[in-house]
Amino acid sequence: MGNIILLAILGAFFYWIFKSYSKYTDYSKEAFKNFSISKESLQNSDLGLFVALVAKVAKADGRVDALEAELIGIMFDDISALFPEPQKTKDILKEIFNEQKDISDNIGEIAERLNDAIKRDKAKQHQFMGFLIQLSFVDGEVSKSEESVLASIAEAFEFDPNVYHAIFDQFEKMMHNFKPKANINDAYKLLGVSENDDMDTIKKAYRKLVREYHPDIIKSQGKDDAYMQEATAKTQEINQAYEMIKSHRK
C-alpha cells in the first residue's frame with residue numbers, strides 16, 4: 001500500500017513538472033496569458049532572443065531587403081498575437097529588432113542565452129535554426145557574412161554540424177532548382193490579378209499571398225524541414241512574379 005501511495009505521489013510530481021515545463025515549450029495564447037509585457041521581459045524571453053538573432057541574420061549582408069522586411073513584419077504579427085497586449089508586444093519586438101540589427105559583437109552571447117532557454121527542447125532548437133537559415137535564403141542567395149552569422153549561431157546552439165549542413169544544403173538545392181515564371185502572363189496569373197489592375201491592387205494581392213504562404217515560426221513547431229522549404233519556395237515564387245510585374249510596368 002505504501003509503495004502504491006509513493007508511486008502515486010511520484011507520478012503526480014513528475015506530471016506537475018511536465019505541465020510546468022510544457023507551458024513554456026508550447027507557443028500558444030494559453031502559455032503566455034499571464035506574461036507581463038515589458039521590454040525587459042520580452043528581451044529575456046526565448047522569442048525575444050530569437051527576434052534579436054533574426055535581426056543579426058537579416059542585416060548580415062548590410063541591408064534588410066523588401067521581402068525580408070515583409071516576412072519579418074509578418075513574423076512580428078505571428079509572435080505578438082500570442083501575448084496579452086499584441087500591439088504593445090509588437091512595438092517592443094520592433095524596438096528589439098532595430099536595436100540588435102546594427103550590433104554585431106554579441107551574436108554568440110545572445111545565441112548562447114537562447115540555447116540555455118531551449119536546449120532541453122531539441123525540436124524547437126531545430127525549428128529556430130531552420131527558420132534562420134530559411135531567412136538567409138529568402139532573397140535568393142546567401143552572402144559570406146550571412147553564412148558567418150549562421151555558423152556562429154549554430155556553434156552557440158551546440159548544433160550538430162552534420163544536421164546544420166544538411167538543412168543548409170537542402171535549401172541551397174531548392175534555390176538552385178527554383179525556376180521563376182517564364183512570362184508576364186504567368187506572373188499576373190500567380191498573383192491572381194490582371195494587366196488592367198493598378199499597382200496598388202497588385203501590391204495588395206502580393207502582400208496577401210506572402211502573408212498566406214510565409215514560413216510561420218509559430219505554426220512550424222512540430223513540423224519537418226519540408227514545411228519551411230515549401231513555404232520558402234512559394235514565397236520566392238510570389239516575390240519573383242511581383243518583381244517581374246514591377247519591372248514590366250516600368
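The values are calculated or read from the model by the stated rules, or taken from the named source; none is laboratory data. These numbers come from a predicted model, not from an experiment. Here Cβ is always computed from backbone atoms with ideal geometry, including for glycine, and neighbour counts include all displayed protein chains. Surface areas here come from the heavy atoms of the whole protein model, side chains and all, with no ligands, DNA or RNA. Shrake-Rupley method; radii C 1.70, N 1.55, O 1.52, S 1.80 Å.
Figure legend. Inter-residue proximity from the range 45-72: first residues in a loop (DSSP other than H, G, I, E, B), second residues polar (S, T, N, Q) and open to solvent by less than 10 Å² (accessible area, probe 1.4 Å), beta-carbon distance below 8 Å, spacing 6+ or different chains. Indicated pairs: ALA60/SER136.
Quick grid of which residues meet (1) under 18 Å from the mean Cα position of the chain (by Cα); (2) assigned to a loop (DSSP other than H, G, I, E, B):
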{"site": "GLU147", "(1), (2)": "yes, no"}
{"site": "SER152", "(1), (2)": "yes, no"}
{"site": "PHE159", "(1), (2)": "yes, yes"}
{"site": "PHE168", "(1), (2)": "yes, no"}
{"site": "HIS176", "(1), (2)": "no, no"}
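If you go through the range 47-64 one residue at a time, do you hit one that is modelled with pLDDT of 90 or more, closer than 22 Å to LYS33 by Cβ and open to solvent by 50 Å² or more (accessible area, probe 1.4 Å)? The answer is no; no qualifying residue exists.
If you filter the range 180-199 down to residues that are more than 24 Å from the chain's Cα centre (by Cα) and at pLDDT below 90, you find that the one that is farthest from VAL138 (Cα to Cα) is ASN183. Restricting to the range 82-102, what's the tally of residues that are touching a residue at least 40 places away in the same chain (Cβ under 8 Å), surrounded by fewer than 19 Cβ atoms within 10 Å (Cβ to Cβ) and either over 14 Å from PHE50 (Cα atoms) or in contact with an Asp or Glu (Cβ under 9 Å, 6 or more places away or on another chain) (or both)? The total comes to 5.
Scanning the range 23-38 for residues that are open to solvent by 60 Å² or more (accessible area, probe 1.4 Å) and in a helix (DSSP H, G or I) yields LYS23, TYR24.
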